[in-house]
Amino acid sequence: MNIIFDGNYLFHKSFAVFSKYYKDQDMTAVLADEKNQEILIRKCIIDLCAAVQRFDKIKRVVVVFDTTSWRYSLHDDYKYALTKVKEEYSRYFYEILNRLESLMRKKGLIVSRVSGAEGDDLMYVWALYLSYILDEKSVIVTGDSDIRQLITPNVSVFNNNSERLNMYCHSSAVNYWEREWSCDIQVSEINPVEVLLYKVVMGDTSDNIAKLKKGFGKKAFEKFLSSFSIDYRLFQESPDLISLSRWITSRFCEFTKMEESEVLGNVIFNLKMTWLNLSVYNNTDYITENGKSLLENMLDDINEQKEKYSYNKPFTLENFYGMLMK
């Protein structure tokens, strides 16, 4: 079993709890204090360890971190709502995040950060490598529901950001996780194709991506899904971005009576912005600072780090914590 952590999610989740204890104080002053920085870093590591401890026979732990997304090169207002306002304490916030990343690297974990790639992109390529190339099972730990589009028989998604913990998995893995987990964790079967279609059709307000049709709500989307049979072959192996966009457009226009010329361009755009797939990266003109494509850099990162740290025996929370903090 491999664990792939969304490092930014881990940090933001821990910070949300940490900040509640200082809600009446100047957060800039709080985060500028060295002792408070250590407290926040320890909180992140304890949360990381607590999540890892839930799984048996861990082989690898991969932690991914965001950089400025390649998607900004296609969409100036991408995630505009989330980035418009910077808090006064942002400088210290990101300094502490970088310290956390450096600590993990120093202690030998696989830590993945690639210029131009979001954590979502890196979670995809690592899951692809571990599940398809090595044929090993992996669990992605994140609070981002969009990552459920990566679910396969070998890849599950664990959300530990709620009172009711959730394990999202492929239909073939439901029985396994129901046996593994206690009753406090909800195991849910997820169709990853439906997750992707929802993103393309309904857009994403948090990423400032528009839906295909104004006023088209969740109930309409459910009726849309039930109006046709999904050709899963279009989403498997090496699907073509344009062919898939045309297929989605045809189904959507048949349901809504819209003209395909009104919809196709938006479908292509939304699919490229939201789909985590090699076809997207192969159809992206984004070139990184070293002159390589985004995909080349992500694959280089995996090749350089894939054997960096492996667990060769079961470990306890204390062992893992000690490895990071000693």
Report summary line: In the structure shown, of Lys35/Lys308; Lys107/Lys292; Lys106/Lys308, the pairs separated by more than 19 angstrom at the C-alpha atoms are Lys35/Lys308; Lys107/Lys292
Query raised in the report: When ligands, DNA and RNA are left out and all protein chains stay put, how many square angstrom of accessible area per residue does the chain have with a 1.4 Å probe?
Result: 51 Å²
Query raised in the report: What shape does the chain have by the C-alpha gyration tensor, where a ≥ b ≥ c are the square roots of the eigenvalues, rounded means a/c under 1.5, and otherwise prolate means a/b greater than b/c and oblate the rest?
Result: prolate
Query raised in the report: What net charge is computed for the residues neighbouring Asn159, neighbours being all others with C-beta under 14 Å from the C-beta of Asn159, Lys and Arg scored +1, Asp and Glu -1?
Result: -2
Query raised in the report: Taking the DSSP beta bridges in the chain as the whole, what percent of them are antiparallel, to the nearest 5?
Result: 20 percent
Query - Estimated distance in nm for a label pair at Glu180 and Glu254, the labels positioned 7 Å out from Cα along Cα-to-Cβ - result: 3.8 nm
Query raised in the report: Which percentage, to the nearest 5, of the DSSP beta bridges contained in region 136-185 is antiparallel?
Result: 45 percent
Report task. Compare Arg251, Arg113, Arg164 in a GNM of the chain, Cα atoms joined below 10 Å, and give the one with the largest fluctuation. Result -> Arg164
Query raised in the report: List the lysines whose alpha-carbon lies under 28 Å from that of Lys214, not counting same-chain residues fewer than 8 positions away?
Result: Lys79, Lys84, Lys199, Lys223, Lys257, Lys272
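The values are calculated or read from the model by the stated rules, or taken from the named source; none is laboratory data. These numbers come from a predicted model, not from an experiment. Reconstructed Cβ throughout: ideal geometry from the backbone, glycine too, with neighbour counts over all protein chains shown. All accessible areas refer to the heavy atoms of the entire protein, side chains included, with ligands and DNA or RNA removed. Shrake-Rupley method; radii C 1.70, N 1.55, O 1.52, S 1.80 Å.
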